[in-house]
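The values are calculated or read from the model by the stated rules, or taken from the named source; none is laboratory data. Quick caveat: nothing in here was measured; it's all calculated off a predicted structure. Using ideal geometry, Cβ is built from the backbone for each residue, glycine included, and neighbour counts are taken over all protein chains shown.
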Amino acid sequence: MKIIDKRRRAQIFRDRLSAAMDQAGMNRSILAREIGVDRSTISQLLTPDGARLPNAQVVGDCASVLNVSADWLLGLSNRPENAADILAHSLTMTKAPRALVDEQVFAWHQEAAGYKIRHVPASLPDMLKTPELLRWEYTPHLGRTTDQAIGASQDRLDWIRNSGSDYEIALPRHEMESFARAEGYYRGLPMDIRLAQIDRFIALHDQLYPRLRLSLFDARRVFSAPVTVFGPLLAVLYMGRNYLAFRDQTRIESFIKHFDALIRETDVADREVPDFLRALRAELTG
């Protein structure tokens with residue numbers, strides 16, 4: 001940590017205390033009354049060219065009354081918000097409805113238009129699925145409204161694909177293999193839907209690469225929960241019933257590093273995915 005000269009720190013305190021008072025609409029008399037000191041005490045703290053710093057009690061009381069952080073007043077932070085406010089703005093939890101493209105996810109994509117999107121989906125990425133696969137997957141939940149949901153979401157999926165953002169998607173290799181072989185989650189998925197979906201993946205790679213890159217990692221070596229990083233703006237962790245969204249830069253950067261580590265550990269690199277898919281297709285058709 002950089003050590004600041006006492007006079008310089010006192011100047012920072014004066015400037016920031018004065019700015020916080022202006023923002024709060026408080027004069028010296030009001031602030032003195034609110035924190036229980038004489039007006040002369042506040043005047044001394046604001047006297048130009050002085051080197052005096054208040055004791056911790058006065059700093060804490062000023063910060064509390066002015067709704068700023070004590071660290072900011074003393075020049076230890078560039079964020080004026082107190083810790084509770086920083087946390088409230090940097091971390092939010094929202095509901096995650098079972099839908100193709102819910103309102104919140106679409107809003108995040110709109111906000112991040114033009115930025116690189118890093119995505120680890122919970123299953124195959126919805127934006128790349130055929131209508132037939134979507135219908136098979138969502139009908140048990142949406143029932144008669146499945147076709148309506150697919151139709152209503154198609155324009156949003158198209159918007160996402162054409163938003164100007166680069167998409168880098170990392171998927172566990174076993175997820176793609178389980179889908180192709182109709183195992184686990186995909187048990188009962190008809191062969192024709194699987195073949196058509198594989199063909200769609202290959203076609204989208206040919207059309208959109210390198211703007212769209214899909215890589216497969218070995219989940220036995222590395223693991224990732226479903227997460228999406230919307231450029232430098234936010235990182236969203238999918239929890240099933242909720243999204244946990246982070247907006248502070250430190251956590252966003254940690255999610256980016258996590259995603260980049262997945263890419264370094266890929267079992268099937270993005271350029272190799274079409275050949276991998278063709279091999280899966282050949283396995284199915286004999």
*helices (runs of 4 or more DSSP H) enclosed by the stretch 170-273 - at least 2 residues per element that are of a type in the set (Phe, Trp, Tyr) and in contact with a Lys or Arg (Cβ under 9 Å, 6 or more places away or on another chain)*: 249-264
*Taking the stretch 161-195 on its own, how many of its residues are more than 22 Å from residue 268 (Cα to Cα) and among the charged types (D, E, K, R)?*
3
*Could you list all residues from the stretch 127-141 that are in contact (Cβ under 8 Å) with a residue 12 or more places away in the chain and more than 24 Å from residue 237 (Cα to Cα)?*
130, 131, 132, 133, 135, 136
*Looking at this structure, is residue 168 among the charged types (D, E, K, R) and free of Cβ contacts under 8 Å to residues at least 40 places away in the same chain?*
no
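Looking only at the stretch 111-126, which residues are touching a residue at least 40 places away in the same chain (Cβ under 8 Å) and either farther than 27 Å from residue 263 by Cα or in a helix (DSSP H, G or I) (or both)?
Residue satisfying the conditions is 111 alone.
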*Would you check which residues across the stretch 182-194 are touching a residue at least 24 places away in the same chain (Cβ under 8 Å) and either surrounded by 16 or more Cβ atoms within 10 Å (Cβ to Cβ) or β-branched (Val, Ile, Thr) (or both) and list them?*
189, 193, 194
*asked:* Being part of a helix (DSSP H, G or I) and among the basic types (Lys, Arg) is the filter here; which residues of the stretch 39-65 pass it?
replied: 39
*In the list 217, 223, 179, 201, which residue meets the criterion of being free of Cβ contacts under 8 Å to residues at least 12 places away in the same chain and among the hydrophobic types (A, V, I, L, M, F, W, C)?*
223
_When the residues of the stretch 188-212 are narrowed to those that are among the charged types (D, E, K, R) and at pLDDT below 95, which ends up nearest to residue 129 (Cα to Cα)?_
200
_Given (1) assigned to a helix (DSSP H, G or I); (2) at pLDDT below 90, index of the condition residue 99 fails_ = (1)
